[in-house]
Structures are given as C-alpha cells and as structure tokens.
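K.L.:
Input: one structure, supplied below.
The values are calculated or read from the model by the stated rules, or taken from the named source; none is laboratory data. Predicted, not measured: the structure shown is a model, and the values here were computed from it. Don't worry about glycine lacking a Cβ; one is built from the backbone with ideal geometry, like all the others, and counts go over all protein chains shown. Calculation scope for accessible area: heavy atoms of the full protein, side chains included, ligands and nucleic acids excluded. Shrake-Rupley method; radii C 1.70, N 1.55, O 1.52, S 1.80 Å.
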There are 2 protein chains.
Amino acid sequence: MFFEGSEKKIELSVKAGVGSLRALERKFWERTLALAGADIVSVMSNSYCDAYVLSESSLFVWERKILLITCGNTQLIKAAFFLIDELAVENIASFSYQRKSEFLSHLQLTRFEDDVQQLRTRLPGSAYRVGHLDGHHHYLFNSDSYDIQCPSSSLLMYHIKGNVADYLRQPTQCKSSILKQLNFAQWLPDFDFDDHLFDPCGYSINGLSGERFLTMHITPQAQSAYVSIETDINDDLKVIQLFSSMLAILQPDSWDVISVNQHLAASDYPAHVEVAHCDLALNASNDINFKHFTQRASDKLIAQVL
Amino acid sequence: MFFEGSEKKIELSVKAGVGSLRALERKFWERTLALAGADIVSVMSNSYCDAYVLSESSLFVWERKILLITCGNTQLIKAAFFLIDELAVENIASFSYQRKSEFLSHLQLTRFEDDVQQLRTRLPGSAYRVGHLDGHHHYLFNSDSYDIQCPSSSLLMYHIKGNVADYLRQPTQCKSSILKQLNFAQWLPDFDFDDHLFDPCGYSINGLSGERFLTMHITPQAQSAYVSIETDINDDLKVIQLFSSMLAILQPDSWDVISVNQHLAASDYPAHVEVAHCDLALNASNDINFKHFTQRASDKLIAQVL
C-alpha cells in the first residue's frame, strides 16, 4: 500500500513568434512522456488549452506554455532535456524544474542535485532547497530568464483522514461520487473537469475554465497518503475558499501551501499551527512563498508492524 | 557541512550466570566496533560500567548489559550479528535494535527492513515503525524475550539555534567551555563525565553515576543539526529538568522525547506544540512512548542555494 505521490514539475514557456505548442502532434507529447515513464490516459481541451490526465499526474499545453507534472518513479528530467532540445534553448522564454521531497527518496532513480547539474549544461539558472532535509522540503531550479506572468498556488496535503479519505481507499469507489464529495461544483462552477480513477485506488482530475487550470492528484494509500492541488486562479479569495474547503473535507495531519506571485491568508483553514515559512524572491518580478502547517491536535500515531 | 547524526542502537542483556561482559577484553569491543565501522576514542569506568566514547557515538558495557549507539554511515547491524553469535543466542536475555530515520537515508548502506529480515534468522522478535515516512520516524526491533528492568528516556533535538548552537559551530570551541555552557553540573552534580570534541565540529559526552548513565551527541552542522541525549536516570523530575534545560539552551525547532517504561510531563519545556504521539506496549511489562514537539513560533526557513 505505497505509492510515491510526490511530484516533479516542469513549467516552460516559449517566446512570442515560436509558433503554438498546441500545434505539436499528440505523438510528440507521447514521446516526451515515454522518456519520463508516463503515458496519456485522458484528454480534454478548450479554446486555450489541452489538458492531459497521465498515468502519473498531468500535462497542460497552452499556446505558449507547458505545465508537466509527474509522480511515482518517473524521470521527468529526461522529458525536460527532450523538450529543451526539441523546442531549442533560444526559443525558451522561461523554464522551471521542481521536485517535492519524496516519502521514500531512496527509490528515486535520480536526485535533484544531479538533475540540476545536467540542466545547467543546457540552461543557466538558480537552484534552491526550501525546508529542512529531515522534513518536507522543496527543490526548485529556475532559468535566469524565469518569468511567470500569472499567480499560481499549490496545496499539498499529507496523511488525510475522515470519511472521504476512507472512501478513497475503498475498492467500490466511483468517479462521480468522488467528484461530488470533493464539492468542486460549489467553488468552481465555471470549470469543466476530466477525471480518472486508478486501480486499486488513486484519483486525478484536471479542470479548465478559459485560460485557467486546476489539477488535483490523490494518493490515498495509508503509508503515503498525499493529495496535491494546483491552480492558477488569480482570485485570491476563491483560492482560499477552495483550499479551506479541501482541508475540511480531507482533514490532513499537515499541509504545505506554495504560491508563486500570490499571497494567501490562512485564517480560514481548519485549526492549525504554522510550523515554518519561507519567502523567496526569484528575481525582480517573481517571488515564491512556502508555508507549512500542522493540524492543531496531536496526531495519534499507530505503530506500523513490520 | 553535512553529518548524519541519526543513530542506530543495540541494547542487549545476558542471562544471569553467563559471566560478566566487562571481563571481555578491549580487543573484543574493538573487533565489534570495527565491523560497524567505528572505533574507540576515549574510555571511562566506575564500579558498574565501562563507558566508551566512539568515533561515531558511544558504547556502555555493564556486567550484564551492553548499550551500543552508532551514527554516520556505520553498519551497526554487522556488530549486532557478531555480538549475537559471539555471546550465543541462548545466553541473550533481551535484545533490541533501533534506527532513527536519517536526514539522508539514501546514503545508508542498509535499510531497517533488510536489517530486521537478517536479525530474524537469529532471534525471533517484533519490528515496528513509529511515525510517518515523510517525517521523523523511528524503527525498533525487540526480541520476543525483550525485557528492560530500568526506565530510560531520550531527547532528540533538530535544528538547534541561538548562542550555544553558534558556539558549537565555531573552529575555536573547546571542551571545557561546551561542558560549562551545557550546564550539566547544575542538574547532575553526582555524575562523572568523559567528553570528546571532533574536528572540525561535533561533540560527544558520556556520563556515569553509579549504575546510571547519560550520553549526549551533538551534530551542529547547519544542514543536519541534531542533538541526542539518552539517560536511564530513574527520577522523572530530574530527567524533565535536564531535558527542559537542554531545550532552553539549544533552542531546537522541533524535538522528540522517547521513553521506555517512563512517562515524562512536557509542561516545563519551552513554548511548544505536541504534533504527534504514540504509546506502544512492547509486552506485558514494557512500554515505549514517543512524542514529537515543535517550537510554538513559525520557523523562518532560509532557502538553501544549490
């Protein structure tokens, strides 16, 4: 009952005049994903974006931007090199590569430091670790040209519990019931969704509303219970409401909120303690901030028999 | 500036009539330690115990009991097999093997699960993990015959800060000044001490008072800052005073208190939140309890440039 939900992420935008990334054939994305060790399980599109649910997380392709997220034991760094080389360094306007610390990092095929050493042979940039080695920590590499016009935020939830968490571990679960229990319709009535239920468990959902996206991935397995939501909704209040609602529904023991060019108040979150925080200026016009919270009540740990 | 302070630990006692473990020659302990990858740097003795400061942690030898603690990349499991085989399974009254989750577990040569699989070929026993995989967690294996007559407690401190922590990172530090700043004399006037300062930093101290022991190991290196204290002082109030004093002096961001057959109140600790706890009955007459605390204030993380 272990699955590594912790994500790796590429955000890449191309310069104006390079041509639409959406014009690239599905075969191109399949080749990219195969290098990482993932494949496409579902796709939805609107006038702005093609959103793919993957065997491990999600891919979003806009005209000038790609957001590619993978989890498990994927080697996203291989997809990164392929994309940089195929699209050509001189056409890349902004590039970032991130990794969340894994539950079982020794099972990963590469480490972030190695990935960055290779990335730097293609693209100059800055690399950071935020958070202590003995707790949740986040790795990021940003090209010197890094520039994200749009705010975005992620909510990472660890060790979910309660009725919905229990339901997500049942063999009889179904997509429509999960979607209803997550209650997206209340907070995001203008979004269209495409979701996928994995066997024996695990749930991924992509959402689109005009240019805006949302993606959520649920790893309910008890030992590695982890849920991530990421969105570029630029209405802070809407994001806070969504995140607060998810925290109330999924009742994680602890959670991270990571925001790029966005500052979210935590006051609506369930009873919590802010354990740690970091504000990091990436360059003159982009900043990222991290906050780690735990629930207010002491977590009663059950000894795992080995 | 990284050193893996996280410890592995063997506690082994022999049956009455087996003969004194203290009669074993220093060569025997050197052989044992060499298998793990450690050696003796200092020794002190009293009528009850021989206490060795090691290149990686400590060894205590009483007439019928051994406590062997190692850190770094040592393979304590190899020393465990040697001890079990040399002393003979039928002579062993009680055996336990523990590992604290490491800061960088991928650098370790074996994993706890592998160690236990091998241990079980020699000794039947129970194995547990306490704590989530994505946070501090503790592994323990106890032989079916496990029986510790005496209470004991450990305080594990993570990410120390303040004046004393800063001093411990300075190239000009000296043993006598560290001992004075730790203020053992106030709380443990009846203990004799033997300490060692490592180059470029790192400090170990063993203490003895009659049959009672204390051992403390300081890894001040910023990325892996970790301090452990373990003692079998059976006066709860004295232990609480000692731990509270150490917490005030070393100002860790978070800490664990792990007690065997002892229950310590946390009220005197600096402003804190109890994040998690676990009570585990090991058998009819032995229990272990774990508590994880964080300081009350949000930790301001500094992004580590890579």
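K.L.:
Classify region B:195-300 as rounded, prolate or oblate, taking a ≥ b ≥ c as the square roots of the eigenvalues of its Cα gyration tensor: rounded when a/c is under 1.5, otherwise prolate if a/b is larger than b/c and oblate if not.
P.N.:
The shape class here is oblate.
K.L.:
Compare A:Thr294, A:Thr172, A:Thr219 in a GNM of chain A, Cα atoms joined below 10 Å, and give the one with the largest fluctuation.
P.N.:
A:Thr172
K.L.:
What nm distances, shortest first, do you get from the label point of B:Thr121 to those in the other copies when the point sits 7 angstrom along Cα to Cβ?
P.N.:
When each copy's label point is compared with this one, the spacings are 4.1 nm.
K.L.:
Report, in deg cm²/dmol and to the nearest 500, the calculated mean residue ellipticity at 222 nm for the protein assembly as shown, where each DSSP H run with n ≥ 4 adds -39500 (n - 2.57) and the sum is divided by the residue count.
P.N.:
Value at 222 nm, helices only: -6000 deg cm²/dmol.
K.L.:
May I pose another question? Measure off 7 Å from each Cα along the Cα-to-Cβ vector at B:Gln170 and B:His106, then give the distance between these two points in nanometres to one decimal.
P.N.:
Result for the modelled spin labels: 3.7 nm.
K.L.:
Dipole of region B:1-61, Cα-centred, from +1 at each Lys and Arg C-beta and -1 at each Asp and Glu C-beta, to the nearest 20 debye?
P.N.:
Computed charge dipole of region B:1-61: roughly 280 debye.
K.L.:
When Lys and Arg each count +1 and Asp and Glu each count -1, what net charge do the other residues less than 13 Å away from A:His196, Cβ to Cβ, add up to?
P.N.:
-4
K.L.:
Which of A:Pro151, A:Pro200, A:Pro189 moves the most in a Gaussian network model of chain A with Cα springs under 10 Å?
P.N.:
Among A:Pro151, A:Pro200, A:Pro189, the largest mean-square fluctuation in the Gaussian network model of chain A belongs to A:Pro189.
K.L.:
Taking +1 at the Cβ of each Lys and Arg and -1 at the Cβ of each Asp and Glu, which of B:Ser209, B:Phe81, B:His106 sits farthest along the dipole of chain B towards its positive end, judged by Cα position relative to the Cα centre?
P.N.:
Value computed over the given set: B:His106.
K.L.:
Could you sort out which of A:Lys9/B:Lys161; B:Lys78/B:Lys100; A:Lys161/B:Lys100; A:Lys180/B:Lys300; A:Lys78/A:Lys100 sit more than 28 Å apart by Cα distance in this structure?
P.N.:
In this structure, A:Lys9/B:Lys161; A:Lys180/B:Lys300 exceed 28 Å between Cα atoms.
K.L.:
Note the distances from B:Cys150 to each other copy's matching label point, with points 7 Å along the Cα-to-beta-carbon direction, in nm, sorted shortest first.
P.N.:
6.4
K.L.:
Run through the other copies and list how far each one's label point is from that of A:Gly19, in nm with one decimal, shortest first; the point sits 7 Å from Cα along Cα-Cβ.
P.N.:
8.4
K.L.:
Residues of region B:132-156 losing 20 Å² or more of accessible area relative to the isolated chain, 1.4 Å probe, heavy atoms only?
P.N.:
B:His132, B:Leu133, B:Asp134, B:His136
K.L.:
Hey, another quick one. Round to a whole angstrom and tell me the spacing of the C-alpha centers of region A:140-164 and region B:104-165.
P.N.:
Between the Cα centres of region A:140-164 and region B:104-165 lies a distance of 33 Å.
K.L.:
Follow-up. Which one of A:Phe184, A:Phe103, A:Phe28 has the biggest mean-square fluctuation once chain A is modelled by GNM with Cα springs under 10 Å?
P.N.:
Of the options given, A:Phe28 has the highest mean-square fluctuation.
K.L.:
Taking only protein heavy atoms into account and a 1.4 Å probe, give the accessible area per residue of the protein assembly as shown in Å².
P.N.:
Dividing the accessible area of the protein assembly as shown by its residue count gives 39 Å².
K.L.:
Further question: Of the options A:Ser267, A:Phe2, A:Leu188, report the single residue whose Cα projects farthest towards the positive end of the charge dipole of the protein assembly as shown (beta-carbon charges: Lys, Arg +1; Asp, Glu -1).
P.N.:
The Cα lying farthest towards the positive end belongs to A:Phe2.
K.L.:
For the protein assembly as shown, compute Rh as the Kirkwood radius over C-alpha pairs and then the Stokes-Einstein diffusion coefficient at 4 °C and 1.567 mPa s; write the answer in µm²/s, rounded to an integer.
P.N.:
After rounding, the answer is 50 µm²/s.
K.L.:
Taking a ≥ b ≥ c as the square roots of the Cα gyration tensor eigenvalues, with a/c under 1.5 meaning rounded and otherwise prolate when a/b beats b/c, else oblate, which class fits region B:25-96?
P.N.:
Taking the square roots of the gyration eigenvalues as a ≥ b ≥ c, region B:25-96 is oblate.
K.L.:
Can you work out the base-10 log of I(q)/I(0) for region A:49-139 at q = 0.17, 0.21 1/Å, using the Debye formula on its C-alpha atoms alone?
P.N.:
For region A:49-139 at q = 0.17, 0.21 Å⁻¹, log10 I(q)/I(0) is -0.83, -1.22.
K.L.:
Further question: Mind running the shape call on chain B? Use the C-alpha gyration tensor, a ≥ b ≥ c as the square roots of the eigenvalues: rounded below 1.5 for a/c, prolate if a/b tops b/c, oblate otherwise.
P.N.:
It is rounded, given that a/c, with a ≥ b ≥ c, falls under 1.5.
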